[in-house]
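Undergrad: First the structure, which I've put down as structure tokens, then a few questions once you've had a look.
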Amino acid sequence: MSQLTLLLKYSFKNKVRPKKDKYGQEKKSSAMSGVFGYLLPAAVFGIFIGFLFFMTFQNLNIPLADFGISSSFSLMDIFLSISLIGLGIFFFISYSPSIIVNLFDSEMTGILLTMPVKKSTIFLSAAVDSLLLSGLSLGMMIPLGVIYPIIYGNSLNLSIPHMIFSFVVMIISLLLFIGILLGVSLLGGIFMSNFMGKTAAKKLSMLAYFGAILLYVFAANFITPDKINVSNAEVLVNNLKNALGFVLSPLWPHTHFLGAMRGSFISFLILVLMNIVIYYLVFLLTRNMNMISTGKKIKEKKSDYKVSSNPLLKKDLKLLFRDSQSLFLLLYPLIFPFILFFTGSINMAFISIMFNFIASFYASFLSVMMIMEERKIWPNPKLYPIDTKRLIKSKIYIPIIIFAGEFLILDIVSFFFSGFESLIFGLIMLIPVLIILIYSSLVGAKMFFKNPKRDVKQKNILSGKETITLEGLSIVFSLGIFIPMSALSVYIKSGPFWIFEKMSPVLNYLILLGIPLLLIFLLIYLCKKESKELNILLEKEE
Amino acid sequence: MIKTINLTKNFGDFAAVKNLNLDIKKGEIYGFLGPNGAGKTTTMRMLTGTLNYTSGSVIINDMDLRKNELKLKSIMGVVPDEPKMYENLKGFEFIEFIMGIYNCKKEETQKRFEEICEAFSIDFLSNYIGDYSHGMKQKLMVSSVLMRKPDVIFLDEPTVGLDARSAKILKMLIEKYKNEGSTIFLTTHILEIAEKMCDRIGIINKGEIIAEGTMEDLKKLSTTGQNSLEDIFLELTGEDEISDIVDEI
């Protein structure tokens, strides 16, 4: 255990970003601050999702017997089971490969293997380390486990001591259930290490991460109390009646988790036994586990080489689309408005604001991620017979062009939902959209080069302060331009409204057209300034 | 072919390279030796345009590097000290990228690359570079440089990570390219390679050239009559008391 603590301590210490004090000296915080840095967003996210689940499930605590189904479970159990199965599968497919990535990617693994450290300890330290980065679906599961006893306990009207005892049992059951999920994922990781290389594991891990976030986005937009209410619960139960045997089958660990939380001692015992068996297997299998990537060899295909006329662009696009996180950032600004379209929000002005806010923030992030790809192999890209400024600036323009294309797609789609007016509004808005995108990408790139010595292995390239600044700029400029512009379109269409009724038409136009124009001119000036400053930073770059 | 005039690089107060003057002829293999931290990689980075120099000048093929950086980079081939490549590209995609970025003649370059691949037993081009071992990466990096047949080749520890067969092939290829007119600037810690392959050797220590010439010239510099490059190197770099240090441990 002490070896595991030691490995984790230095692993966490390695994750802490050095901070500069007021004298410009770099200072490293403690290992625990690094852990809290990772856990804090998950905790905030967990509380938020907990409220969402509570609102969704509190009205669904209706015994299935009330619907004429002979079962001791409730409607809430069915929905909870579906959620737990989905989240459990996502956790497994994201966590298992991430352990492999962590093991194979770490330069320390090879060194640790030569030291008198147990293989199971090395494996567990990599597993705990990965948990901090891929615990999103687990972060969604914990609130589910916590709100279940709250809703279930309320319905039983227990005495206070009895309630406390039940709550303790429920917490232990939750820990045992999480233990099973972790253990199964560890076994999955051990199994995958036999046939999966580092890159394949990375791709699978990122893809699952991508899927989990999309699931969250869809869940947050579709699973709301007003969409799943008691009035149509009967219909839902009828539809799920046949699936009842599947989602609450005793083969699922969550069935025993729910059983244990409802007071079944046998279910509790099964959970304990499952933990013992799984962790014994983990301990046993890690002894013979392959902890260094050997990589699966793909059969060589003799092919003709395709030399592009723009090799830099081809390479950048390949790297961009092969990284699942980048792919998510590229697609989300397009997917989110589509969700809005399907949930009934078809106002192009609102969609433009949302798109612009998300896309401008992501554009800067994508630029930085693409620059980071070059930094990973720096200074080798400086050997190419191309100007470093061109090499870097292509990373700024690629996300801008892609997002501008996405905005046009949304505009065309909005034409089918809202007609010609919406199309024209979108086309006019394309100019400010482009300018905001250019500005935020330039700011992101400049932020990066102001402090280019960043840890290339960190997922979060930009610091919290930099991220907040970018978000702030995206919000201010998006709202500052789009709210007056959409108000102007309403003004032209329906005449004066709100405070504009009391002002002269000249003043109204001066405000509604003047503010966006002023901001656009300010942005153009800032783009020039940022571009100049970036050029200076790039010239200094070695 | 490669000339430096009072080339200097300072990192703050620390002078990594001081007034370096080199004159390497076309078709020559020049070995650049020195202990760790002597300034070898810094010099190579300045010569290849990846590091700005503080003062002095670099002339390659009668052109000033600062004024003709991109033009000169297109006739250079560099195998850096670390074979870092885009991990999310497959081997053959990296080769396509290099062919494109250097504007290579496709048929000729592809033919040469395939021959080099056969020599180095490269059969992993369909795999992602991220899954390569150090040796595999080094082979790909070396091949991506040699396939272009550059006029000036810079090799920083090129045999590191290569198996004995591949290292031997590389040495033979270097000789072949030299005979065909390429100029080669080579740094290595394997003194046997330098002794056997290089026409001239320069030894750098603490940022300054302390000895330069053919093997015969270097032997003359030895005050103790040493004959092997290893002994001469240790004598010149002041590390000849190493047996005393080892005895003390």
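Rule-based calculations on the coordinates, nothing more; no lab input. It should be emphasised that the depicted structure is a prediction, and the values quoted were computed from it without experimental measurement. Glycine gets a Cβ as well: all are built from the backbone with ideal geometry, and neighbour counts include every protein chain shown.
Undergrad: Could you point to the residue in B:Ile210, A:Pro379, A:Met274 farthest towards the positive end of the protein assembly as shown's charge dipole, with +1 and -1 charges on the Cβ of Lys/Arg and Asp/Glu respectively?
TA: A:Met274
Undergrad: So for the range A:311-540, averaging the separation of alpha carbon pairs under 8 Å that are six or more residues apart and normalising by length, what relative contact order in percent results? Walk me through the numbers before you get to the answer.
TA: Values: 208 pairs, mean separation 58.3, N = 230.
Relative contact order for the range A:311-540 comes out at 25 percent.
Undergrad: Separate question: Give me the inter-chain shielding for A:194-204: mean count of other chain Cβ atoms within 10 Å, whole number please.
TA: 3
Undergrad: Here's a follow-up. Compare the Cα positions of B:Tyr53, B:Ile101, B:Gly135 along the charge dipole of the range B:22-174 (+1 at Cβ of Lys, Arg; -1 at Cβ of Asp, Glu; about the Cα centre) and return the one farthest towards the positive end.
TA: Comparing the listed Cα positions along the dipole, B:Tyr53 ranks first.
Undergrad: While we're here: Among A:Ile402, A:Leu313, A:Ser352, whose Cα lies farthest out toward the positive end of the dipole of the range A:311-540, if unit charges sit on the beta carbon of Lys, Arg (+1) and Asp, Glu (-1)?
TA: Going by the charge dipole, the pick is A:Leu313.
Undergrad: Also: Taking the Cα centre of chain B as origin and charging only Cβ (+1 Lys, Arg; -1 Asp, Glu), how large is the dipole, in debye to the nearest 20? Working shown, then result.
TA: On the way: 31 positive and 40 negative charges, 265 e Å.
For this selection, approximately 1280 debye.
Undergrad: Report, for the protein assembly as shown, the % of DSSP beta bridges that are antiparallel, rounded to 5.
TA: Around 60 percent antiparallel, to the nearest 5.
Undergrad: Quote the charge dipole size of the range A:311-540 about the Cα centre in Debye, to the nearest 20; the model charges only the Cβ of Lys and Arg (+1) and of Asp and Glu (-1).
TA: Values: 24 positive and 15 negative charges, 217 e Å.
Value, rounded to 20: 1040 debye.
Undergrad: About its Cα centre, how strong a charge dipole does the protein assembly as shown have in debye, to the nearest 20, once Lys and Arg get +1 and Asp and Glu get -1 at the Cβ? Write out the running numbers ahead of the final one.
TA: Values: 79 positive and 68 negative charges, 221 e Å.
That gives the protein assembly as shown a dipole magnitude of about 1060 debye.
Undergrad: Net charge within 15 Å of A:Leu427 by Cβ-Cβ distance, Lys/Arg positive one each and Asp/Glu negative one each, not counting A:Leu427 itself?
TA: For residues surrounding A:Leu427, the net value is -3.
Undergrad: Counting residues in the range A:311-540 as N, plug N into 2.2 N^0.38 Å and put the Cα Rg over that result. Please report the intermediate quantities before stating the final value.
TA: Details: Rg = 19.2 Å, N = 230, 2.2 N^0.38 = 17.4 Å.
Compared with the compact-globule rule of thumb, the range A:311-540 sits at 1.10.
Undergrad: Something else: Please give the average number of partner chain Cβ atoms lying within 10 Å of the Cβ of each residue in B:43-52, rounded to a whole number. Write down the numbers at each step before the final one.
TA: On the way: counts 0, 0, 4, 0, 0, 4, 5, 8, 3, 4.
Across the residues of B:43-52, the mean count of other-chain Cβ atoms within 10 Å is 3.
Undergrad: Which percent of the Cα-Cα distances in the range A:497-540 go past 15 Å?
TA: Working: 561 of 946 pairs.
Cα-Cα pairs of the range A:497-540 separated by over 15 Å account for 59 percent.
Undergrad: Based on alpha-carbon atoms only, what is the radius of gyration of the protein assembly as shown relative to the globular estimate 2.2 N^0.38 Å? Write down the numbers at each step before the final one.
TA: Numbers: Rg = 32.0 Å, N = 791, 2.2 N^0.38 = 27.8 Å.
In units of the globular-protein estimate, the protein assembly as shown measures up at 1.15.
Undergrad: Let me ask you something else. Calculate the mean, over all residues of peptide A:63-71, of how many other protein chain Cβ atoms lie within 10 angstrom of the residue's Cβ. Present the calculation step by step, with values, prior to reporting the outcome.
TA: Values: counts 0, 0, 0, 0, 0, 0, 0, 0, 0.
Neighbouring Cβ atoms belonging to other protein chains average 0 per residue here.
Undergrad: Find, to one decimal place in angstroms, the Kirkwood hydrodynamic radius of the range B:2-248, where the mean of 1/r is taken over every pair of different Cα atoms and then inverted. Could the numbers behind the result be given before it?
TA: On the way: mean 1/r = 0.0526 Å⁻¹.
Its Kirkwood hydrodynamic radius stands at 19.0 Å.
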